[in-house]
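Remarks on the structure that follows.
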Amino acid sequence: GEQVEQRPPHLSVREGDSAVITCTYTDPNSYYFFWYKQEPGASLQLLMKVFSSTEINEGQGFTVLLNKKDKRLSLNLTAAHPGDSAAYFCAVTGYQNFYFGKGTSLTVIP
Amino acid sequence: GGIITQTPKFLIGQEGQKLTLKCQQNFNHDTMYWYRQDSGKGLRLIYYSITENDLQKGDLSEGYDASREKKSSFSLTVTSAQKNEMAVFLCASSPGTDSAETLYFGSGTRLTVL
């Protein structure tokens, strides 16, 4: 089945710096990709859903890049702020099941 | 908008005990899921249900039972709690079974086994 590897497991950056989280996957038939954010004690909230046809997707304060050739998905937070401190999870799906990365714990230092 | 409510938020049980976790959603979604979240291991699917009275096993179903009594509720039973399954259990729902659909999550039940 699909294998999703997410790196790094922990990331600490200063306020205003960028933060990059990357997921690699193995199934070339995967075609929907998700990033979720989980604040402490809270539920996972969808940040962005990406379809395989689009390589660059921009959100508020972040960009999601999809490289299907390398089977790599990345979340780039530009100018991180303390409110971005949370756990981030990627998810990959092809036919039905979602496969989640193990998560990245991001700390933004003021 | 809707909400997913999981009860209890914290559950403490004894080893070998049978424990039940409950989930309610008011999105009117067809599909509901139970995931287990272990620190450093991501989310792993235990059971899901595509409609009332339907049950489908996930990768981690051994040691668990589930029940979809009605469209809005999905419960998970730990049949015999073990110390190595202390984790956060997350309930989720989605409108259907299309893989493009977003999962909406509850805030979890944290299980501690003494």
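The values are calculated or read from the model by the stated rules, or taken from the named source; none is laboratory data. As the structure is a prediction and not an experimental result, all values here were calculated from the model. Here Cβ is always computed from backbone atoms with ideal geometry, including for glycine, and neighbour counts include all displayed protein chains.
List of remarks:
- Looking across B:77, B:97, one residue alone is more than 19 Å from residue A:43 (Cβ to Cβ), facing another protein chain (nearest Cβ under 9 Å) and out of contact with any helix residue (DSSP H, G or I) (no Cβ under 9 Å at 6 or more places or on another chain). It is B:97.
- Residues in region B:15-57 that are within 11 Å of chain A (Cβ to nearest Cβ) and touching a Pro at 6+ places or on another chain (Cβ under 8 Å) were compared, and the one that is modelled with the lowest pLDDT is B:40.
- Residue check: residue A:109 meets all listed conditions (1) modelled with pLDDT under 95; (2) more than 13 Å from chain B (Cβ to nearest Cβ) but one, namely (1).
- Annotation: residue B:40 fulfils all but one of (1) surrounded by fewer than 16 Cβ atoms within 10 Å (Cβ to Cβ); (2) in contact with a Leu (Cβ under 9 Å, 6 or more places away or on another chain); the unmet one is (2).
- Within region A:5-34, the set of residues being within 11 Å of chain B (Cβ to nearest Cβ) and either touching a Cys at 6+ places or on another chain (Cβ under 9 Å) or over 16 Å from residue A:65 (Cα atoms) (or both) comprises A:5, A:6, A:9, A:10, A:23, A:29, A:33, A:34.
- Options B:87, B:92, B:81, B:66: the member that is hydrophobic (A, V, I, L, M, F, W, C) and under 17 Å from residue A:34 (Cα atoms): B:92
- All strands (runs of 3 or more DSSP E) inside chain A with 1 or more residues being among the small types (Gly, Ala, Ser): A:10-14, A:19-25, A:72-77, A:86-93, A:104-109
- In region B:100-114, of all residues being within 14 Å of chain A (Cβ to nearest Cβ) and under 16 Å from the mean Cα position of the chain (by Cα), the one that is nearest to residue B:12 (Cα to Cα) corresponds to B:110.
- Residues of region A:48-65 classified as under 30 Å from residue B:87 (Cα atoms) and within 14 Å of chain B (Cβ to nearest Cβ), total: 3
- Residue selected from region B:61-91 under the condition in contact (Cβ under 8 Å) with a residue 60 or more places away in the chain and over 13 Å from the mean Cα position of the chain (by Cα), by the criterion surrounded by the fewest Cβ atoms within 10 Å (Cβ to Cβ): B:83
- Filter pass, residue B:60 being assigned to a strand (DSSP E or B) and either at pLDDT below 95 or away from chain A (no Cβ under 14 Å) (or both): no
- Checking the stated criteria, residue A:68 turns out to be out of contact with any Lys or Arg (no Cβ under 7 Å at 6 or more places or on another chain), farther than 30 Å from residue B:110 by Cα and either surrounded by fewer than 16 Cβ atoms within 10 Å (Cβ to Cβ) or within 11 Å of another protein chain (Cβ to nearest Cβ) (or both).
- The single residue among A:42, A:79, A:86 that is within 30 Å of residue B:7 (Cα to Cα), aliphatic (A, V, I, L, M) and either surrounded by fewer than 19 Cβ atoms within 10 Å (Cβ to Cβ) or facing chain B (nearest Cβ under 9 Å) (or both) turns out to be A:42.
- Hits in region B:44-56 (condition: under 12 Å from the mean Cα position of the chain (by Cα) and either of a type in the set (Gly, Ala, Ser) or over 19 Å from residue B:4 (Cβ atoms) (or both)): B:49
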